[in-house]
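First comes the structure, then the notes that go with it.
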């Protein structure tokens with residue numbers, strides 16, 4: 001167990017943006033909330049998963065809803081705190097720690113905010129290792145752990161429990177419907193996990209991974225070095241292209257923003273063209289019909305100068321960017337993982353192949 | 001139709017009198033500390049000997065409001081009402097503000113129940129009684145300006161309007177800014193914009209009054225317009241209420257002037273001033289907007305500002321010979337005494353330009369003896385610096401036209417890599433004032449629409465934008481659609497989309 005230092009919060013925000021893969025943005029409001037809590041004297045205690053008792057109970061937290069609503073209603077940890085208390089009442093046992101569903105984007109900070117309010121430690125882990133759009137796209141669901149019971153609460157006195165669900169898809173479906181009625185933003189607490197389950201089935205070290213990534217970007221910025229190279233060095237990722245956004249098309253389908261961005265290479269990549277598909281998150285990168293990278297590996301588009309992650313909702317014509325790929329957790333690339341979050345789960349007609357590293361991309365070969 | 005354009009910059013106040021698109025007179029005077037004196041001098045110069053009959057308007061772009069926030073001078077205390085509880089309870093107003101600006105501006109803050117959901121339902125009923133008590137407290141506090149911001153007010157402004165009605169009853173005379181008038185989703189940034197607008201309320205009234213006095217004292221009888229961030233103007237009455245929309249006039253006016261003087265609607269504009277070259281992009285005759293968030297004086301806001309990159313290349317940029325180096329230091333406004341061609345002893349890029357035969361300024365004989373190798377080296381440096389920054393601003397590899405304006409436009413080479421043509425125009429030195437004089441009037445809206453087809457959402461947004469443009473001084477029949485942007489919203493049912501529409505038309 002260690003305290004997250006005040007100056008690590010900013011690094012966590014940068015790293016969460018990079019791991020958001022276009023779906024989760026740089027969580028600046030959540031960062032401000034955390035900094036404000038630190039100014040009030042609160043501190044986040046971060047727990048190494050190895051320190052968890054097998055019998056400990058861990059609350060798995062997420063904001064569910066539309067990111068845009070958060071921009072208006074602001075990220076209230078209160079609703080998630082209520083969901084935690086509701087779940088405790090439902091199962092008749094107190095939680096020992098909290099953790100995040102996804103390290104990518106805004107949800108990276110939710111367990112920190114809730115942990116400070118409820119005085120619970122935050123487990124250094126998540127269950128996506130990135131951002132994904134739906135609750136069944138988690139390592140817990142992939143490993144067959146039930147998602148229900150599932151608690152949902154808003155900032156008024158509305159709260160509900162999905163006591164049972166046929167499968168993770170039903171939890172998503174029922175939960176999503178309730179969340180829309182609550183104003184498209186709610187705090188959720190998934191089924192309590194034991195310490196043993198977290199250690200066996202979560203993606204471990206996610207929070208420190210994000211902080212490490214953010215630190216690398218900060219160091220590069222301070223040294224006026226290339227933050228993109230710094231990320232690749234920290235993550236053993238691959239640079240897919242440096243270039244400019246030439247075209248973006250978006251459409252809505254089943255509640256998600258889908259579309260494609262076309263990027264033209266510049267400098268040593270001049271003459272190359274990359275097509276990036278997105279379904280909230282960036283899901284595939286293709287060149288001349290060949291797939292360079294796809295889900296569940298992480299595809300992230302970074303501002304070429306600042307290294308700041310650029311979301312699929314804000315990417316636009318003319319931006320100077322670098323496209324990188326980072327490796328997914330082995331749980332996600334297992335057969336069960338690919339069935340849930342592989343290319344075919346996102347409607348592509350090709351199978352997953354790990355991305356190849358290109359010469360000069362930095363970092364060492366992928367294990 | 002005659003118009004006067006005045007651009008008040010940090011160093012110079014530039015003015016032009018136009019008849020249609022013809023420049024009748026032009027002037028460059030020093031910006032004065034009180035600004036008004038400089039404006040009055042510019043007005044006197046451009047109207048001297050000219051017949052001001054038929055003058056349709058005086059268009060002024062000013063750095064007053066930005067500087068007030070950046071320098072924390074002339075700002076006033078503001079009361080803030082946030083409506084959204086039990087949502088939006090975290091991060092109260094003024095969170096994240098620089099301490100000194102916060103000290104100067106922060107007044108009483110009230111957080112009330114109310115506001116709306118993304119689909120227009122109330123979050124909870126509006127706390128009208130709490131608002132009444134807040135209004136009385138504001139009246140008693142002596143604060144003259146209040147900013148009101150409700151959750152999802154760009155979707156429905158009902159709560160903010162109710163608050164304004166109560167303020168009118170309980171705190172008459174207090175100036176009210178509703179955040180919904182400034183648009184854009186993002187509560188904190190919109191609230192910040194409303195607070196900044198409120199804190200400039202008195203300054204805006206004084207500044208506009210001073211401009212009106214200057215016009216009257218010059219014997220002119222023409223309406224006053226103020227230029228905005230997007231390269232258009234609003235009538236002074238609107239600028240008085242929304243000074244915050246008039247922040248970034250300088251680079252915008254130059255780019256608009258470059259479009260008008262060159263006839264190019266799509267081009268890169270290089271504005272070579274005394275200290276820097278400001279490089280921006282014209283798209284359809286208007287400046288391309290920056291994509292990133294905008295900090296004004298350290299406060300995060302929602303404005304769209306022109307996408308401009310500055311490099312240290314100006315007419316006053318110093319050149320050293322041993323060791324060789326160019327800039328970024330500049331003699332700035334002292335160029336007329338410091339540069340060699342003006343009798344000084346500092347070698348500047350103006351001297352280099354004269355030495356290269358690019359311009360005949362001052363006494364060319366004073367730079368006749370410059371080493372040809374030094375001249376060639378400087379010429380190469382200028383070329384490389386401009387080619388790099390132009391390439392950064394381009395949106396594709398295809399060659400683009402470049403329009404060179406500003407007092408140092410002669411330094412821009414006649415050919416550049418990646419550039420289809422370099423356009424130089426007469427009167428490039430007062431392009432900013434021309435841009436102000438020729439500015440049109442715009443109206444903009446940025447809202448969420450749902451449960452309707454895209455066409456209807458865009459039509460509704462357009463109607464609101466047109467109404468705003470007319471209020472800002474546009475002729476309704478001249479309005480044209482400038483751009484439409486619509487973004488489907490993730491995780492929200494009912495075909496929800498955020499629509500942004502901008503229209504533009506001629507001044508009345």
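The numbers here are math on the coordinates, done by the rules we state, and not lab data. Keep in mind that this is a model prediction, so the values were computed, not measured. Cβ: placed from backbone, ideal geometry, glycine included. Neighbour counts: every protein chain shown.
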Practice problem: For a footprinting-style exposure proxy, rank B:65, B:333 by other Cβ within 10 Å, fewest first. | Solution: B:333, B:65
Self-check item: Within chain B, percent of DSSP bridges classed antiparallel, to nearest 5
Solution: 60 percent
Quiz item: Which peptide among A:180-191, B:174-185, B:119-130, B:135-146 comes first, and what is the full order, when sorted by highest mean count of other Cβ atoms within 10 Å?
Solution: A:180-191, B:174-185, B:135-146, B:119-130
Exercise. Compute the separation of the alpha-carbon centres of the stretch B:184-250 and the stretch A:124-151 and state it in Å as a whole number.
Key: 52 Å
Exercise. Using per-residue counts of other Cβ atoms within 10 Å, averaged over each peptide, order A:336-342, B:222-228, A:325-331 from highest down.
Key: B:222-228, A:325-331, A:336-342
Self-check item: Orientation-averaged projected area, Cα convex hull of the stretch A:71-139 (nm²)
Solution: 5.1 nm²
Self-check item: For the stretch B:439-505: relative contact order, % (alpha-carbon pairs under 8 angstrom, 6 or more apart)
Solution: 48 percent
Practice problem: Calculate, in nm to one decimal, what residue A:117 and residue A:212 gain on full extension: separation in residues at 0.36 nm each, minus their alpha carbon distance. | Solution: 31.7 nm
Practice problem: Round to the nearest 0.05 the FRET efficiency obtained for residue A:306 and residue B:368 when R0 = 45 Å and r is the Cβ-Cβ distance. | Solution: 0.45
Quiz item: Can you give the mean number of other chain Cβ atoms that lie within 10 Å of the Cβ atoms in peptide A:70-81?
Solution: 6
Self-check item: Bins of 10 Å from zero: percent of alpha-carbon pairs in the stretch B:359-483
Solution: 10, 23, 23, 21, 13, 7, 3, 0
Quiz item: What spacing in nm lies between the two simple spin-label points modelled at residue A:222 and residue B:265, each 7 Å away from Cα in the Cβ direction?
Solution: 5.0 nm
Quiz item: Expressed as a fraction of 2.2 N^0.38 Å, the rule-of-thumb size for a compact globular protein of N residues, what is the C-alpha radius of gyration of the stretch B:439-505?
Solution: 1.16
Practice problem: Quick one: pull the percentage of alpha-carbon pairs in the stretch B:126-267 with a separation above 18 Å. | Solution: 65 percent
Quiz item: How many percent of Cα pairs in the stretch B:71-136 exceed 21 Å?
Solution: 35 percent
Quiz item: Mean shadow of the stretch A:1-93, computed from the convex hull of its alpha carbons, in nm²?
Solution: 7.5 nm²
Quiz item: Say R0 is 56 Å: what FRET efficiency, to the nearest 0.05, do residue B:420 and residue A:157 get from their beta-carbon distance?
Solution: 0.30
Quiz item: Separation between the residue B:133 and residue A:36 pseudo-spin-labels, each 7 Å from Cα along Cα→Cβ, expressed in nm?
Solution: 2.1 nm
Exercise. Please arrange A:294, B:478 by counting, for each residue, the other beta carbons lying within 10 Å of its beta carbon, fewest first.
Key: B:478, A:294
Quiz item: Translational D (Stokes-Einstein, µm²/s) of the stretch B:1-135 at 10 °C and 1.306 mPa s when Rh comes from the Kirkwood sum over C-alpha pairs?
Solution: 84 µm²/s
Quiz item: How far is the Cα center of the stretch A:307-338 from the Cα center of the stretch B:365-418, in Å?
Solution: 39 Å
Quiz item: Between residue A:181 and residue B:103, what is the spin-label point distance in nm, taking each point 7 Å from the Cα along the Cα→C-beta axis?
Solution: 5.2 nm
Practice problem: Compute the Cα gyration tensor for the stretch A:177-227, then decide on rounded, prolate or oblate, letting a ≥ b ≥ c be the square roots of its eigenvalues: rounded whenever a/c is under 1.5, prolate when a/b is larger than b/c in the other cases, and oblate in all that remain. | Solution: oblate
Quiz item: Relative to the longest principal Cα axis of chain B, at what angle does helix B:158-170 sit, 0 to 90 degrees, rounded to 10?
Solution: 80 degrees
Quiz item: Taking all pairs of different Cα atoms in the stretch B:299-446, averaging 1/r and flipping that mean, what Kirkwood radius in angstroms comes out?
Solution: 17.2 Å
Exercise. Could you please rank A:26, B:64, placing first whichever residue has the fewest other Cβ atoms within 10 Å of its Cβ?
Key: A:26, B:64
Quiz prompt | Considering only the protein assembly as shown, percent of DSSP beta bridges that pair antiparallel, nearest 5 | solution = 75 percent
Self-check item: Calculated FRET efficiency for the pair residue A:90/residue B:451, C-beta based, R₀ 25 Å, to 0.05
Solution: 0.10
Quiz item: For the peptides A:144-156, B:272-284, A:102-114, what is the packing order when you average, over each peptide's residues, the other Cβ atoms within 10 Å and list the highest mean first?
Solution: A:102-114, B:272-284, A:144-156
Practice problem: For the stretch B:250-361, restrict the atom set to alpha-carbon positions and state the Rg and Dmax in Å. | Solution: 16.8, 47
Quiz item: If you build the Cα gyration tensor of the protein assembly as shown and take the root of 5 times each eigenvalue, what three semi-axes come out, in whole angstrom, biggest first?
Solution: 50, 34, 23
Quiz item: Considering every pair of different Cα atoms, what Kirkwood radius, in Å, is found for the stretch A:228-288?
Solution: 12.7 Å
Exercise. Let me know the mean shielding of B:90-96 by other chains, meaning the per-residue number of their Cβ atoms within 10 Å of its Cβ.
Key: 5
Practice problem: Please give the contour-minus-distance gain from residue B:334 to residue B:1: 0.36 nm per residue of separation, less the Cα-Cα distance, rounded to one decimal in nm. | Solution: 116.2 nm
Quiz item: Could you give the angle, 0 to 90 degrees to the nearest 10, between helix A:77-91's Cα long axis and the longest principal axis of the Cα atoms of chain A?
Solution: 50 degrees
Quiz prompt | Residue-averaged 222 nm ellipticity for chain B, from DSSP H runs of 4+ at -39500 (n - 2.57), nearest 500 | solution = -10000 deg cm²/dmol
Quiz item: So what's Rg/Rh here for the stretch B:148-201, counting alpha carbon atoms and using the Kirkwood radius for Rh?
Solution: 0.96
Quiz item: Where both partners of a DSSP beta bridge lie in the stretch B:76-199, what percent of those bridges are antiparallel, to the nearest 5?
Solution: 5 percent
Self-check item: Alpha carbon centroid spacing (whole Å) that separates the stretch B:431-508 from the stretch B:51-114
Solution: 24 Å
Quiz item: Starting at 0 and stepping by 10 Å, how many percent of the alpha carbon pairs of the stretch B:76-199 end up in each bin?
Solution: 15, 50, 31, 3
Practice problem: Report the dimensions of chain A along its three principal axes from the alpha-carbon atoms, largest first, rounded to Å. | Solution: 62, 43, 40
Quiz prompt | Computed over chain B, Cα set: Rg, Dmax in Å | solution = 24.5, 81
Quiz item: In terms of the Cα gyration tensor, with a ≥ b ≥ c the square roots of its eigenvalues, is the stretch A:265-336 rounded because a/c is under 1.5, prolate because a/b exceeds b/c, or oblate?
Solution: prolate
